[in-house]
Structure formats: C-alpha cells, structure tokens
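These notes concern the structure reproduced below.
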Amino acid sequence: MIVHDGRVDVLDIRTGAARCTFLFATCSTVGGLGRLSVRGIQDMGEVVLIDHGREGDAIKGVALDAEDGTQRWTYAGGLTYNTRDLGQGRMVTIDHAGGELIVRKAADGKILWRAELKGLDTNDPTILGVSDDLLTVDTPAEVIAYRIADGGVAWRTSFEGAPRRPGSVLTNGQVTYVRGDERTLIKLDARTGDVLDRRRFTEKIELEVMRDDLAKVSVGLKHHLVIA
C-alpha cells in the first residue's frame, strides 16, 4: 500500500500492479478547516482499513475491498492502530476504552465475538499473538489463549508478580514466548499454555519478532538473542 498526496494505491505484492485506488480531497477547505488526509492504513486481507480526517476533527474510517477498492463498510476511526488480521476472513481490535477484544468479519465489519480484558491499560496490538486457530493475549493478570473460531478460552496461564506490564506475544502455533516480567523470558506450549522453559536475564528484554521456528529477543540496549 502506498499513500500519496490525495490517494492510496493498493498494489499486488507479487507483480506491483495497482489493484485499486482510493481518492481523498486534500485541498484546503473554506473556513480554515484544514486538509483531509490519511491518518492510518492497514491491510486486513479481504479489506484495507483507512483512517482519515482533518486535523482537530474526529477520525473516520472506511474498509475497502482489497481487490477492487469498493467500499465495504465504515467505522468511527482509529482501527488501523489497534487491529490485527486473524486470517480466515477475521480481524481483532483491542478496545482500550472498553477493556475488551472485539473480533469482526473483515468483509462487512460484523462483530462475531467479544472478550473482556480486565485491568488492561494499552491498545498496542503487539500483545496479541496469532496462530492458525488461537489468539493469545498478554494481560496484566495472565496470558489467555482464545479460540479464533468462537472466542472460547483454550487456556489461561498466570505467573508470579501479577499484575504486571503486558508485553509482546510471539507464537508459531507450536510454542509461544512471553515475558514473565521485564527480565524473564518464558516459553509456553502454544496449545496448552504449559510452561516449557524459563530464562532470567540481567537486563531488560523485549520480544521483537518470530519467523517460523525462530524468535528474536532484544537484551538490554546492545544485544539480540535468536531462539529456536
């Protein structure tokens, strides 16, 4: 996806050909109301979410068909910052104000299920770990894995020191990595939540990314650790 002054182009990742274009009126408006501009954009598989609005105004949002650019549905705005693609034609949003997860159909925005997240004080989508059939969430009290299909809880695992600051969740559907605290890395069985391993560091850690069977973890300011 490429944002220009006045339009968004959605390109085919394999060929670079333009699949669709969405136009915005970016000229200054009468009365000094500012310029209408793209405030956020996110690919959700079947649709592309675009947040837009003028400076000082409430952000509005539109979900466009990823193939032809036709409008599928609209929303209040802000979803591009706190939403992740779940695959299977679904997407999940962290509603910080409401303290819950909201899972929608990407095609029409219909809400499929909700889950309350007690004590959560962030809408950072990195606290969500997505595998083929489970959505794993790090909360202040525990790590919870929900079934994407129906929102049922597959497992819950808590650690000493709760409540704590949630961190990123890395998962490949077989193993899941989370932080027990700022210096402790915990490896879980992604299907059961059982603790497989635990490692304590002398510096703060941040979970960065997982590709296939490898997880990348930063240690302090200078070091990185790749774990199989």
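The values are calculated or read from the model by the stated rules, or taken from the named source; none is laboratory data. Only a predicted model underlies this, so the values are computations on that prediction, with no experimental measurement involved. Because the Cβ atoms are built from the backbone with ideal geometry, glycine has one as well, and the counts that use them run over all protein chains shown. Just so you know, the surface numbers come from the protein's heavy atoms only, side chains and all, with ligands and any DNA or RNA stripped out. Shrake-Rupley method; radii C 1.70, N 1.55, O 1.52, S 1.80 Å.
FRET efficiency for the pair R198 and H224, taken as 1/(1 + (r/R0)^6) with r the Cβ-Cβ distance and R0 = 35 Å, rounds to 0.95. Counted by Cβ distance under 11 Å from Q42, the other residues give a net charge of -2, where Lys and Arg count +1 and Asp and Glu count -1. Of all lysines in the structure, those lying under 25 Å Cα to Cα from K187, and not within fewer than 8 positions of it along the same chain, are K118, K204, K216, K222.
With helices as the sole contributors, the chain gives 0 deg cm²/dmol at 222 nm; each DSSP H run of n ≥ 4 counts as -39500 (n - 2.57), and the sum is divided by every residue. Protein heavy-atom accessible surface, 1.4 Å probe, per residue over the stretch 78-228: 51 Å². Looking at (i) 158; (ii) 150; (iii) 128, which value of volume of the Cα convex hull per residue in Å³ comes from a calculation on the structure shown? Given (i) 158; (ii) 150; (iii) 128, the structure-derived one carries the label (ii).
Farthest toward the positive end of the dipole of the chain, out of G180, T15, V38, is the Cα of G180, where the dipole comes from beta carbon charges about the Cα centre. Within the shell defined by Cβ-Cβ distances under 12 Å, the residues around H96 carry a net charge of -4, with Lys and Arg each +1 and Asp and Glu each -1. Per-residue 3J(HN,Hα) values for the stretch 156-167, derived from phi via the Karplus relation 6.51 cos²θ - 1.76 cosθ + 1.60 with θ = phi - 60°, read 9, 9, 10, 10, 5, x, 5, x, 9, 7, x, x Hz in sequence order (x marks Gly and Pro).
Amide H to amide H distances under 5 Å link H96 with no residue, where only residues 5 or more positions off or on other chains count and H is placed in the peptide plane.
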